[in-house]
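Report on the following structure.
The values are calculated or read from the model by the stated rules, or taken from the named source; none is laboratory data. As the structure is a computational prediction, the values presented were derived from the model and not from experiment. All Cβ positions, even for glycine, are placed from backbone atoms using ideal geometry, and neighbour counts span all protein chains on display. Please note that ligands, DNA and RNA were not included when accessible areas were found on the heavy atoms of the full protein model with its side chains. Shrake-Rupley method; radii C 1.70, N 1.55, O 1.52, S 1.80 Å.
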Amino acid sequence: MMAKASTIVEVNNLTYQYTDRPVLQNLNLNVEEGAFLGLVGPNGSGKSTLIKCILGLIKPQAGKLSLFGSEVHRFDDWSKVGYVSQRANRFNAGFPATVFEVVSMGLFGQLGLFRFMKRNDRDKVMQALKTVEMDAYAKQPIGKLSGGQQQRVLIARALVSNPTLLILDEPTVGIDATSARRFYELLRKLNQDQGLTLLLVSHDVGTMTKYVTNVACLNKSIHFHGTAHEFETNPNLSSLYGYDVQHIIHEHEEIAK
Amino acid sequence: MIDVFFQYDFLRNALIAGVLIGLIAPMLGVFLVVKRMSLVADALSHITLTGIAFHLLLANFFAIFSLYDPIYMGMVFAVIGSLFINQLRTVYGHFKELAIPIILSAGVGLAVIFISLADGFNTDLYSYLFGSVAAVGNNDLMTIIIIAAIVLVLLFVFYKEWFFLSFDEEQAAISGLKGKWLELLFSILVALVIAASIRIVGILLVSALMTLPVASAMQWAKSFKQMFVYAAIFGQISVLSGIFLGFHLDLAPGGVIVVFAVIILLLSLLKNKIVKVSMNRNVQNR
Ligand SMILES: Nc1ncnc2c1ncn2[C@@H]1O[C@H](COP(=O)(O)OP(=O)(O)O)[C@@H](O)[C@H]1O
Ligand SMILES: [Mg+2]
């Protein structure tokens, strides 16, 4: 283990508004290296907005945002950051690309202009596909896979550039419970074995808290940031952030099997 | 039958031009189709007509314009139109396709005015609308060769970037790809290819050459790379048939090209249907 973890994401007093009403206000959040942080919050609480700010896709009206110690708009080493968006698997299902081609895209930013995939890059793609256990599907058209399989492929695409930080926005939406659990196990393995720092937005609070190390609760700003255990044992938080409801549904599913 | 094409300069020109546009139009069309922008080709071809009509009008008043090929004015208009479409697509974020009817009708409206001011239709205009085997002069050919070279080089250089952008704009932006700039370059190329293809295919049918071979390619390709190979092959078959039959039967080549492209598409669909049915049989026989 590392002696002292460094801060990878640093958000200070962030305010963001699409219209005149702020969606995020005076928000503070740090993500330490090696953490597996689950970000929870009700629908419309600004989770995706926060993620987009962190990625520099949208520009906040106020506040400071750093990635790996440099300000987001100056940060340029994007191969260190993997991202799977909320809408990621809603691409045009008929898109005529193979699983291999989709994962290759993860290397394009690193390759830059006038450079093409070499053998070494192709090996990286196959390695990433192996990590998510999808190497057997390399030549399949992406549109022919199930939702869970597509999600794995998109994780592989985010992993192929060997990032330090992986950000996932509701990756288990539309995936059955069993696949979702396998998916979380994969994330835990990446976090524990490869030291990958993970920021995971999830609705599925009951299941998610069993895998993450830390939980942050968001509603316009961060209301709680602590260990998964602290979150689970705090009755106020559990009811506020839908833990109980999700938990019951989850248990129910277990019984139904 | 083929040697006649090398006896006459104009036929040789048409043949070389045909091979080139039969290559670049469908290849660029692959990106247009997967971005769900096939109709952009239609809008831009009509804007090209506006440019050509504007040139013909100017030529009535200023003799100097008669020295130049109207296609250059067409290209200028097409490029400006493509910039407008790009802009309108951002303005109407959720109704991106609105940009197409806006540009298309504005283009046709202006073209009609220019044409009536320039004393109406003449045979020249007819050949722009439907294409012509005899229309490719030496200057035209040079322009087409230059455009084809530019397109092929840029397709090779920006293949990864355009591929990523058409699949997933947001993710591409995070990877550090300069989306806006690449989008713009792509639109300009589409405008140039359309203007270059018009001599042979004609304004009304040029978008078909960019989309029909791609639609057929989708039935065969097993990867995104293969899309380009199939689209180019089907484009070649259509264009060459169009030029040969167009010349021998004295038909407008644009029409023959499109009819062949449609036949290829029908055969491709049929082939996939047969494959599916036989696969189902195999499953049932087990
Ligand atoms: N592009 C946008 N324009 C205007 N409002 C938006 C936009 N995107 C999101 N919002 C609003 O911002 C709030 C937060 O949205 P979001 O970050 O997507 O929430 P979450 O991901 O937590 O469900 C919501 O009220 C939503 O309606
Ligand atoms: Mg969201």
Q.
Output needed for the stretch B:1-127: three equivalent-ellipsoid semi-axes, defined as square roots of 5 times the C-alpha gyration tensor eigenvalues, in descending order, whole Å.
A. 29, 24, 11
Q.
I'd like the antiparallel share, as a percent to the nearest 5, of DSSP beta bridges with both residues in the stretch A:167-238.
A. 65
Q) For chain A, what proportion of DSSP beta bridges, expressed in % and rounded to the nearest 5, is antiparallel? A) 55
Q) Per residue, how much accessible area does chain A have with a 1.4 Å probe, in Å²? A) 47
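Count the net charge of all other residues whose Cβ sits under 11 Å from the Cβ of A:SER179, scoring Lys and Arg as +1 and Asp and Glu as -1.
Charge balance near A:SER179 sits at +1.
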Q | Interface burial for B against A (accessible surface, 1.4 Å probe, total of both chains, Å², rounded to 100) | A | 2400
Q) Across peptide B:165-173, what mean number of C-beta atoms from other chains lies inside 10 Å of a residue's C-beta? A) 6
Q | Using θ = phi - 60° and Karplus 6.51 cos²θ - 1.76 cosθ + 1.60, couplings along the stretch B:183-198 (whole Hz; Gly, Pro as x) | A | 4, 5, 4, 4, 4, 5, 4, 4, 4, 5, 5, 4, 4, 5, 7, 4
**Q.** By accessible area with a 1.4 Å probe, ligands and nucleic acids excluded, highest first: order of B:PHE156, A:PHE116
**A.** B:PHE156, A:PHE116
Q | Net charge contributed by nearby residues that have their C-beta within less than 14 Å of A:THR227 (K/R +1, D/E -1) | A | -2
**Q.** Heavy-atom accessible area order for B:HIS55, A:HIS73, largest first, 1.4 Å probe
**A.** A:HIS73, B:HIS55
Q) Along the principal axes of its C-alpha atoms, what lengths does the stretch A:4-256 span, in descending order and rounded to whole Å? A) 52, 51, 40
Q) Direction-averaged shadow area of the convex hull around the Cα atoms of the stretch B:159-286, nm²? A) 10.6
Q) Is there a simple number for the mean count of other chain Cβ atoms within 10 Å of the Cβ of residues in A:97-105, and what is it? A) 5
Q) By Kyte-Doolittle mean hydropathy of at least 1.0 and Cα axial length of at least 15 Å, which whole DSSP H helices of chain A are selected? A) A:99-111
Q) What percent does the relative contact order of chain B come to when contacts are Cα pairs within less than 8 Å and at least six residues apart? A) 29
Q. Among bridges DSSP assigns within the protein assembly as shown, what percent are antiparallel (round to 5)?
A. 55
Q.
Highest mean first, how do B:70-78, A:129-137 rank when packing is the count of other Cβ atoms within 10 Å averaged over residues?
A. B:70-78, A:129-137
Q. When the accessible area of the stretch B:4-209 is split by element with a 1.4 Å probe, what percent falls to carbon and sulfur?
A. 71
Q: Quick one: compute the contact order of chain A, relative version, from alpha carbon pairs under 8 angstrom and 6+ residues apart, as a percent.
A: 25
Q. Hey, which of these cross-link pairs are over 20 Å Cα-Cα: A:LYS118/B:LYS160; B:LYS35/B:LYS96; A:LYS220/B:LYS96; A:LYS130/B:LYS178; B:LYS160/B:LYS225; A:LYS118/B:LYS178?
A. A:LYS220/B:LYS96; A:LYS130/B:LYS178; A:LYS118/B:LYS178
**Q.** Amide H partners (placed H, <5 Å) of A:HIS223, local residues excluded
**A.** A:CYS217, A:LEU218
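Summing -39500 (n - 2.57) over the DSSP H runs of n ≥ 4 in chain A and dividing by its residue number, what mean residue ellipticity at 222 nm do you reach, to the nearest 500 deg cm²/dmol?
So the helix-based figure for chain A works out to -11000 deg cm²/dmol.
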(Q) Quick check on chain B: helices-only [θ] at 222 nm, where DSSP H runs of length 4 and up contribute -39,500 (n - 2.57) each and the sum goes over total residues. Nearest 500, please. (A) -27500 deg cm²/dmol
Q: Search the structure for amide H atoms under 5 Å from the amide H of A:ALA35, placed 1.01 Å from N in the peptide plane, and list their residues when 5 or more places away or on another chain.
A: A:LEU198
Q | For peptides B:79-89, B:125-135, sequence by mean Cβ density within 10 Å, most packed first | A | B:125-135, B:79-89
Q.
For a quick check: with amide H placed at 1.01 Å from N, whose amide H comes under 5 Å from A:GLN17's, ignoring anything fewer than 5 positions away on the same chain?
A. A:VAL23, A:GLN61
Q) Net charge near B:GLY18, counting Lys/Arg +1 and Asp/Glu -1 over other residues with Cβ under 14 Å of its Cβ? A) +1
Q.
Taking 8 Å as the Cα distance limit and 6 or more residues as the minimum spacing, I'd like the relative contact order of the stretch A:66-210 as a percentage.
A. 31
